[in-house]
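Engineer: Have a look at this one.
Every number in this text was worked out from the coordinates using simple rules, so none of it is lab data. Every value quoted in this text rests on a predicted model; they were computed, and no experiment measured them. Cβ coordinates were reconstructed from backbone atoms using ideal geometry, including for glycine residues, and neighbour counts include every protein chain displayed.
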Amino acid sequence: MTARKQTEDHKPKVQPPDKPRHMNVMGLELDVDVSRFDDLEFVESLWNLQHANEGGDPFAIVPFLRDLTGLSVHEISQALKDPQTGRTSMETVEKFVEQVLQEAAPKS
């Protein structure tokens, strides 16, 4: 028996690591620069967020969101805002960041 040769159309598409990854997360269209995950300062900012309750800077979320998404915090806030309260909860922001990271992070 011979193995069937995969045609170009059926091969899994691998996105080049130097190209932004396009995604839609919670209604926001994003082009995330995945090369940022290879930047020590960016990784440090992620670490700071994960350890904010251990003496880190809880306000580090603001520059982190800008670096991660390329959008302003205002744009993100407007898209994630609860229409009933008019506020963007940190719980919603946390879910947003988790989803973006899952979509964008390099697979190990």
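Engineer: Mind checking the log10 I(q)/I(0) for segment 48-87 at q = 0.22, 0.29 Å⁻¹? Debye, one equal scatterer per Cα, no solvent, two decimals.
Structural biologist: Summing over Cα pairs of segment 48-87 leads to -0.76, -0.89.
Engineer: Highest first, please rank the peptides 45-51, 30-36, 83-89 by the mean number of other Cβ atoms sitting within 10 Å of their residues.
Structural biologist: Answer by packing, highest mean first, reads 30-36, 45-51, 83-89.
Engineer: Could you compute Rg(Cα) / (2.2 N^0.38 Å) for segment 21-104, with N its residue count?
Structural biologist: 1.07
Engineer: If you put +1 on each Lys and Arg Cβ and -1 on each Asp and Glu Cβ, how big is the dipole of segment 21-104 around its Cα centre, in Debye rounded to 20?
Structural biologist: The calculated dipole for segment 21-104 is roughly 340 debye.
Engineer: So what are the ³J(HN,Hα) numbers for segment 61-76, from phi and the Karplus equation (6.51, -1.76, 1.60; θ = phi - 60°), rounded to whole Hz, Gly and Pro as x?
Structural biologist: 4, 5, x, 4, 4, 5, 5, 5, 9, x, 9, 6, 4, 4, 4, 5
Engineer: Each residue of segment 90-102 in order: what ³J(HN,Hα) in whole Hz does its phi give by Karplus 6.51 cos²θ - 1.76 cosθ + 1.60, θ = phi - 60°, with x for Gly and Pro?
Structural biologist: 5, 5, 5, 4, 4, 4, 4, 4, 4, 5, 4, 5, 4
Engineer: Going by amide H atoms built from the backbone, whose H comes under 5 Å of the H on VAL25, apart from near neighbours?
Structural biologist: LEU30
Engineer: Now a separate question. Taking Cα pairs under 8 Å and at least six residues apart, what relative contact order does segment 21-104 come out at, in percent?
Structural biologist: 29 percent.
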